Amino acid sequence: MNQIKKLLIVGFVWPEPKSSAAGGRMMQLISIFKENGFEITFASAAQDNDFMVDLFEFGVIKKSIELNSSSFDDFVVELNPDVVLFDRFMVEEQFGWRVVEKCPNAIRILDTEDLHCLRTARQKAFKENRIFELEDLLSEEVAKREIASILRCDLSLIISEFEMNILKDVFKINEDLLFYLPFLVDEMKEEDLLQLPSFENRNDFVFIGNFLHEPNWNTVQYLKEAIWPSIKKDFPEAVLKVFGAYPSQKVLQLHQPKNGFFIMGRAEDANEVVKKSRIVLAPIRFGAGLKGKLLEAMQCGTPSVTTSIGSEAMYANLPWNGFIEDDLAEFAKKAIALYQDENLWKQSQKNGIEIINKCYQKKDYSEKLISLVNSLLIDSKSHRLHNFMGNLLQHHAFKSTMYMSKWIEAKNK
């Protein structure tokens, strides 16, 4: 009889699929491993909160752990996982060396979420009012940490093909260490559109995004200061509703009903909000990864107007479900056209379905991932032997992070 394989996920935060695309992504990963017979434990040093998912409902064991504490060592020895998945590189830095020391045979997987170094370098270039160049990544402090983390792991899950190319071409990472895994959703048919609210039963423009994420806050500022005045000038009755988890005081101050600009706060059900809206506006100016809000718009049959950064690596050069526009005046003009032209709107909906079915099908990726994990479980030795840089970094990082962590633990006592 096959022994049940154990997966330990070490989370940066507890999953909140209703608050962020990262939470949705984590639940997709959990479902892939669950469907393939893994027993899953999710551990995190984050505080519990009202919006986290009930992991027990999904058959996942929940475990609270501490940073810089040897109590994690005892826990991981007792659990003895076959596979450990780190949620973002900061988590691998904190716990990776402990896993290597206590469970050296466990396969170590990093879910990057998106390339933090790409997001940081773009944000920096944006703030310095210059064009981002790929070379910017090479001097980025976060890149050194993130790439080291990727090299130390047996496999890293990469959400965007653009980021896959950066890792291979700019950082020269061996392809054997990377696996392209976009968001995964169910197939859609044109008939599914008939179950959704029709053009005439939808109102308003909408933006939705977690405000703890800097690119989202910047997007809302840009909408308020530059794009919305332009839309409002040519379309006076237009209304924009901005939804998002964790709005700060500075976000709430943008609420201006008399100008048709509404800050709505957290959406109880983001899906319902997007389904009832006519257009998603997402003039994103920096960031990385794939934009969950734009994929959700396609699933809800809601066309979107976004930028080249917003749509990056999302649509395999198929027609977008709306418009991709970086010029401010054109962005506003196309948003109004899409809002008012029913035929254009319906065609955009259909484009979204084609993108979903071509780029985000679970069956295209989940089997490959599990088969790769299984082959690593069978022969991690030769895989690791060919990753000399990873072994080198493991050796040095092990020493530095281990002693730093032990020093903090001793200090805390």
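The values are calculated or read from the model by the stated rules, or taken from the named source; none is laboratory data. None of these values were measured; they are calculated from a predicted model. Here the Cβ positions follow ideal geometry from the backbone for every residue, glycine too, while neighbour counts run over all protein chains shown. The area values use the complete protein model at the heavy-atom level, side chains included, leaving out ligands, DNA and RNA. Shrake-Rupley method; radii C 1.70, N 1.55, O 1.52, S 1.80 Å.
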Mind listing just one residue for me: the one in region 1-12 that is in a loop (DSSP other than H, G, I, E, B) and touching a helix residue (DSSP H, G or I) at 6+ places or on another chain (Cβ under 8 Å) and, of those, most open to solvent (accessible area, probe 1.4 Å)?
Phe12
Ile355 passes all but one of the listed conditions (1) buried (at least 16 other Cβ atoms within 10 Å of the Cβ); (2) under 30 Å from Ser277 (Cα atoms); (3) at pLDDT below 95; the exception is number (3)
Checking Ser277 against (1) out of contact with any helix residue (DSSP H, G or I) (no Cβ under 7 Å at 6 or more places or on another chain); (2) free of Cβ contacts under 8 Å to residues at least 40 places away in the same chain, the condition it does not meet:
(2)
Which of the helices (runs of 4 or more DSSP H) contained wholly in region 25-127 include at least 1 residues that are open to solvent by 40 Å² or more (accessible area, probe 1.4 Å) and farther than 29 Å from Met404 by Cβ?
116-127
Given (1) surrounded by 13 or more Cβ atoms within 10 Å (Cβ to Cβ); (2) at pLDDT 95 or above; (3) assigned to a helix (DSSP H, G or I), identify the lone condition not met by Val242.
(3)
Taking Leu369, is it closer than 26 Å to Ile158 by Cα, open to solvent by 10 Å² or more (accessible area, probe 1.4 Å) and either aliphatic (A, V, I, L, M) or not in a helix (DSSP H, G or I) (or both)?
no
Condition broken by Arg145, with the remaining ones in (1) under 28 Å from Phe33 (Cα atoms); (2) modelled with pLDDT of 95 or more satisfied:
(2)
Consider region 34-61. How many of its residues are in contact with a strand residue (DSSP E or B) (Cβ under 6 Å, 6 or more places away or on another chain) and closer than 10 Å to Trp14 by Cα?
4
Looking at region 132-155, is at least one residue among the polar types (S, T, N, Q), free of Cβ contacts under 8 Å to residues at least 12 places away in the same chain and either open to solvent by less than 70 Å² (accessible area, probe 1.4 Å) or not in a helix (DSSP H, G or I) (or both)?
no
Selection count where residues are buried (at least 22 other Cβ atoms within 10 Å of the Cβ) and free of Cβ contacts under 8 Å to residues at least 60 places away in the same chain, scope region 156-166
2
Take Gly352 and tell me if it is among the small types (Gly, Ala, Ser) and more than 20 Å from Ile147 (Cβ to Cβ).
yes
Note down all Cβ pairs under 8 Å where the first residue falls in region 317-331 and is of a type in the set (Gly, Ala, Ser), the second is open to solvent by 30 Å² or more (accessible area, probe 1.4 Å), and they're at least six residues apart or on different chains.
Gly322/Lys334; Ala329/Ser230
When restricted to Glu57, Glu93, the only residue touching a residue at least 24 places away in the same chain (Cβ under 8 Å) and not β-branched (Val, Ile, Thr) is Glu93
Checklist (1) in contact with a helix residue (DSSP H, G or I) (Cβ under 8 Å, 6 or more places away or on another chain); (2) more than 30 Å from Arg384 (Cα to Cα); (3) of a type outside the set (Ser, Thr, Tyr) applied to Ile158, failing item:
(2)
